[in-house]
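Participant: The structure's right below; bear with me while I get my questions together.
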Amino acid sequence: KERWAGAIDVVGSHTLAMHWDGGRWSVVPTPNVDHRYNGLSSVLALSPSDVWTIGAAVRKRIGFHWTGSGWQSVPMPSIPHHTSSGPSALGTDGAGGIWAVGATNGPGYGDSLYFKWDGTRWVRVPSPHALTQTPGPSAVSGSDPDHIWAVGNPCCDRYLLAHLVDGTWRNVRLTLPARVRQFEAELGGVVTVSANDAWAVGYAYGQNAGKSATAPALAALILHWDGQQWRPVGVP
């Protein structure tokens with residue numbers, strides 16, 4: 001099966017994309033829009049001729065679409081007063097729809113960003129209410145247009161997850177095990193298999209972190225959605 005990977009070439013500050021053809025990884029040339037810094041942060045492959053990637057250059061977000069024979073530039077949405085901000089992660093709704101999520105930075109840091117591709121451009125969708133300094137979503141995944149989850153880092157509240165319900169993003173409160181610090185947990189990845197099966201992963205600080213030399217500072221955080229609620233599966 002085909003696989004795609006995107007990353008930052010930190011040596012030359014150029015975009016870097018690699019393609020798995022079933023036997024090996026090979027570098028695929030990618031565009032660069034700035035002579036100082038270019039990087040890709042997320043990739044989404046819907047088919048061999050329908051691959052999307054987004055990232056950042058100096059003071060702007062960049063996006064490209066692979067059509068099977070080459071990359072086409074896709075204009076990314078600009079955020080007023082936040083020229084360096086924009087979506088940083090891609091995900092699908094399970095039915096061919098594409099979402100891009102992220103957060104603003106700089107003054108007013110903390111605004112969540114949700115964009116949906118309407119076939120010709122990125123359209124911003126209203127975000128759930130969030131506290132100041134809430135960084136916003138870092139990953140998004142759906143099994144169908146009615147079951148899409150986004151995860152991230154709440155910073156100051158228990159909103160680690162957001163759920164798309166009837167076209168509206170809503171924060172979801174989550175109760176974590178007593179042995180981890182609720183406000184210092186972070187989720188960085190999510191996959192939605194079906195309406196009754198989704199997984200989210202990240203990390204959390206232990207309650208005793210920093211209190212002794214033997215207390216582990218970080219623990220892996222694994223959550224499972226069973227269609228009714230999110231449950232911690234384990235904190236190894």
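The values are calculated or read from the model by the stated rules, or taken from the named source; none is laboratory data. Just so it is clear, the structure is predicted and the values come from calculations on it, not from any experiment. As a convention, Cβ positions derive from the backbone with ideal geometry for all residues, glycine included, and neighbour counts pool all protein chains shown. Side chains included, ligands, DNA and RNA excluded: accessible areas come from the protein's heavy atoms. Shrake-Rupley method; radii C 1.70, N 1.55, O 1.52, S 1.80 Å.
Participant: Give me a comma-separated list of calculated 3J(HN,Hα) values for segment 30-38, in order, Karplus coefficients 6.51, -1.76, 1.60 applied at θ = phi - 60°, integers in Hz, x for any Gly or Pro.
Facilitator: Coupling constants for segment 30-38: 10, x, 10, 10, 9, 7, 9, 8, 9 Hz.
Participant: Non-local amide H neighbours of GLY97 (under 5 Å, H modeled in plane, Pro and chain starts lacking H): which ones?
Facilitator: It is none; the list stays empty.
Participant: Follow-up. Name the residues whose placed amide hydrogens come within less than 5 Å of the amide hydrogen of GLY189, ignoring near sequence neighbours (fewer than 5 apart) on the same chain.
Facilitator: VAL201
Participant: Follow-up. Provide the net charge surrounding ASN196, with neighbours chosen by a C-beta distance below 15 Å and charges set as Lys +1, Arg +1, Asp -1, Glu -1. Could you put the intermediate results ahead of the total?
Facilitator: Values: positive: ARG231; negative: ASP144, ASP146, ASP197, ASP226.
Result for the local shell: -3.
Participant: Moving on to the next point. Hey, what do the phi angles of segment 40-51 turn into as Karplus ³J(HN,Hα) couplings, whole Hz, using 6.51/-1.76/1.60 and θ = phi - 60°, x for Gly and Pro?
Facilitator: Using θ = phi - 60°, the values come out as 10, 10, 7, 9, 9, 10, 8, 6, x, 10, 8, 10 Hz.
Participant: Separate question: Could you rank ILE54, ILE222 by how accessible they are, 1.4 Å probe, largest area first?
Facilitator: On the way: ILE54 5, ILE222 50 Å².
Largest to smallest exposure gives the sequence ILE222, ILE54.
Participant: Name the residues whose placed amide hydrogens come within less than 5 Å of the amide hydrogen of ALA139, ignoring near sequence neighbours (fewer than 5 apart) on the same chain.
Facilitator: Those lying under 5 Å, H to H, from ALA139 are VAL151.
Participant: Something else now. Would you kindly derive the ³J(HN,Hα) couplings of segment 140-152 from the backbone phi angles with the Karplus curve 6.51 cos²θ - 1.76 cosθ + 1.60 (θ = phi - 60°), listing them in order in whole Hz, with x for Gly and Pro?
Facilitator: 8, 7, x, 8, 7, x, 9, 9, 10, 10, 10, 10, x
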